[in-house]
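Notes to accompany the following structure.
Throughout, read-outs are computed from the coordinates displayed, never taken from laboratory work. Please read all numbers here as calculations on a predicted model, not as lab measurements. Here the Cβ positions follow ideal geometry from the backbone for every residue, glycine too, while neighbour counts run over all protein chains shown.
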């Protein structure tokens, strides 16, 4: 066989491409279930870490089955709301949103694509509300979850993830627990232009250097682009959820304050 | 084992090391050496991809049409890389690390070591020696990766494989070490040490 | 002047070599003297300038989610982005092949001056990286994509020519034997990269 003839070249190349495509399709199908299980458990651990049920490392160690079980035990409600903050529909308590689904929502929130936004809201049995955020970092997508106290304003915790931010710098949004802890006890100012800000050079501090309780936290040193991207993502998404949170029936002021005080006291 | 086979396996580890002598595979070695765990996963992936791609392409070597050579190579290597990525995504133990390294595992397709060894060796040699050559080059690459990652993780985060080492004695992690330029400087030092030992590698 | 700021940014802030470390292998191998470095640099600019806008069009009208809507509303939900990698590499390989043939036919002197560098560009991670970043950056129109491609190429060109200039001078210095050549080059590039970090994060 003349390995240099045109016919041979074309047939051979086509054959190789077909074989490779078949192998990949087969492997992809067979492994899909396991991969989706891993992604789901990971997303759930992210939400529960934000809601302060444990640290990400704890959930990593527990394994997929335990994580799913713990979530089922603790989740109370899951539903979507529209851009006016009105509830659209409940969805299956086992469903979570993958980053690619958040990406689609992001196009709508940013106004780049037409359509009615269907924003997911997750509420745990202890009345903690968790909502997702999504945006662009320096090298790729960044996303995460913000957990709110029952008062619908004070932040209980946050957790973030990323596709490809710089290891040791931008990746701190995921790896640095201290950064995530800065969100605790701050609040989201739903009426403001920028609902929440991550400030380069530091957020305003008290005279003694301690953090003022407001809607700003410090950016990560050396990771300005990632911090800015995250700030945008958080602010834009929380702005989209503003009608929902502002429309919540105000729970008794004392009950809300007590809940916050309890959390602060626990930490001391 | 005959002398030729032994030479094939040992050469890429030191004398013919892909990174420090052949100057291949530099891009990824800068990016994934921030942690030892990342370096290890990357090294194992490159060993698997280079070894098996070399095996497959060497077996096919007499049938590949000369004008489609590069395309066939790219397709086979791409298939291996995607398989590695898919497998890493499926296991609980490796899922987290695959997310971290996903971009770089994808870049193995353009990693000069894989294509370089296929062109230089696999297309002209029998399957088993080709596979061994691919694996050996992967090992040589991995070795350098681990050395660089050792220093970068230790000095840059104070940990080794995630376990606090220097942090225990109050060491403040050095941020400069985490940045890619430092990996380049480390590579320069490794080359320095290697050539001081092996004088015949020195340039005139 | 959106285009101007994008252009300047892609040369300095998003420099392919110093910010993203792409295209290292050929960068290190071909920077021994300024003339050959310039030759490769020009070739890289050219290939980027041709492939990136083509890949942009492919991304806009075929690959990205919802891109196929022009075929009919049933196709509005199709997301072919998982094919990006293969499509981009195929385009790059094809363009490099075509460019090689065109240059050989219309300017034999240029062809012999560029020599083996033209085919080498097909596996230069900077070219593939350029297309992948273009995908992420969501450019508004093909004009922006073209400006970005020119800027990135120019940034790579600047990086390799400056390194070649430094290496030419270094050959007259008293570098220790074991550090000569590759070793001191690694360290030099590391230092240049640290210097370029001043541009990181600048918003124009």
| query | Relative to the longest principal axis of chain C, what angle (0 to 90°, nearest 10) does the C-alpha long axis of helix C:34-58 take? | reply | 10 degrees
| remark: Rounded to the nearest Å, the spacing of the alpha-carbon centers of segment A:93-168 and segment B:143-174 is 33 Å
| said: Rounding to the nearest 10 and keeping the result within 0 to 90°, find how far the Cα-based axis of helix A:99-109 lies from the longest principal axis of chain A. | reply: 60 degrees
| Size-normalised alpha-carbon gyration radius of segment B:3-201, reference 2.2 N^0.38 Å | 1.08
| Taking chain B as a Gaussian network, Cα atoms linked when under 10 Å apart, which of B:159, B:110, B:63 shows the biggest mean-square fluctuation? | B:63
| remark: In this structure, the FRET efficiency calculated for residue A:103 and residue C:172 from their beta-carbon separation, with R0 = 41 Å, to the nearest 0.05, is 0.15
| Separation of alpha-carbon centers, segment B:113-132 and segment C:136-153, rounded to whole Å | 38 Å
| query | What is the mean number of Cβ atoms from other protein chains located within 10 Å of the Cβ atom of each residue in peptide B:86-94, rounded to a whole number? | reply | 5
| field | Value of relative contact order over segment B:124-204, rounded to a whole percent, pairs C-alpha under 8 Å and six or more apart | value | 19 percent
| field | Among A:166, A:43, A:129, residue whose mean-square fluctuation peaks in a GNM of chain A (springs only between Cα atoms under 10 Å) | value | A:166
| query | Is the shape of segment A:201-250 best called rounded, prolate or oblate, per the rule: a/c under 1.5 gives rounded, else a/b larger than b/c gives prolate, else oblate, with a ≥ b ≥ c the square roots of the Cα gyration tensor eigenvalues? | reply | oblate
| In degrees between 0 and 90, to the nearest 10, how far off the longest principal axis of chain B does helix B:127-157 point, with axes built from Cα atoms? | 10 degrees
| message | Rounded to the nearest angstrom and ordered from largest down, what semi-axes does the equivalent ellipsoid of the protein assembly as shown get from its C-alpha gyration tensor (root of 5λ)? | response | 45, 29, 26
| remark: Expected integer from the mean partner chain Cβ neighbour count at 10 Å over C:10-21 is 2
| message | Which of the three applies to segment A:131-226, rounded, prolate or oblate, going by the alpha-carbon gyration tensor with a ≥ b ≥ c and a/c under 1.5 meaning rounded? | response | oblate
| remark: Between residue A:8 and residue A:175, the two model label points (7 Å from Cα along the beta-carbon direction) sit apart by a distance in nm of 5.2 nm
| Volume per residue that the Cα convex hull of chain A spans, once the total is divided by residue count, Å³ | 187 Å³
| Share of Cα-Cα pairs in chain C lying beyond 31 Å, as whole percent | 26 percent
| query | How many partner chain Cβ atoms sit within 10 Å of a residue's Cβ in peptide C:174-182, on average, as a whole number? | reply | 6
| Based solely on its DSSP helices, what 222 nm [θ] is calculated for chain B when runs of n ≥ 4 H residues each add -39,500 (n - 2.57) and the sum is averaged over all residues, nearest 500 deg cm²/dmol? | -22000 deg cm²/dmol
| said: Quick check: the distance between the Cα centres of segment A:1-77 and segment B:1-35, to the nearest angstrom? | reply: 31 Å
| message | Using C-alpha positions alone, give me the convex hull volume of segment A:42-94 per residue in cubic angstrom. | response | 83 Å³
| Rounded, prolate or oblate: which fits segment A:67-173 when a ≥ b ≥ c are the square roots of the eigenvalues of the alpha-carbon gyration tensor, with rounded for a/c under 1.5 and prolate only if a/b beats b/c? | oblate
| remark: Taking chain C and counting helices only, DSSP H stretches of n ≥ 4 at -39,500 (n - 2.57) each over all residues, the nearest-500 ellipticity at 222 nm comes to -21500 deg cm²/dmol
| remark: Restricted to the protein assembly as shown, the DSSP antiparallel beta bridge percent, nearest 5, is 90 percent
| request: Taking each pair of different alpha-carbon atoms in segment C:15-68 once, compute 1/r for the pair, average those values, and report the inverse of that mean as the Kirkwood hydrodynamic radius in Å to one decimal. | output: 13.1 Å
| For segment A:1-69, what is the Kirkwood hydrodynamic radius in Å, using each pair of distinct C-alpha atoms? | 15.4 Å
| Of A:29, A:52, A:113, which is the most mobile in a GNM of chain A whose springs link Cα atoms less than 10 angstrom apart? | A:29
| said: Please report, in whole Å³, the volume per residue of the convex hull around the C-alpha atoms of segment B:29-120. | reply: 87 Å³
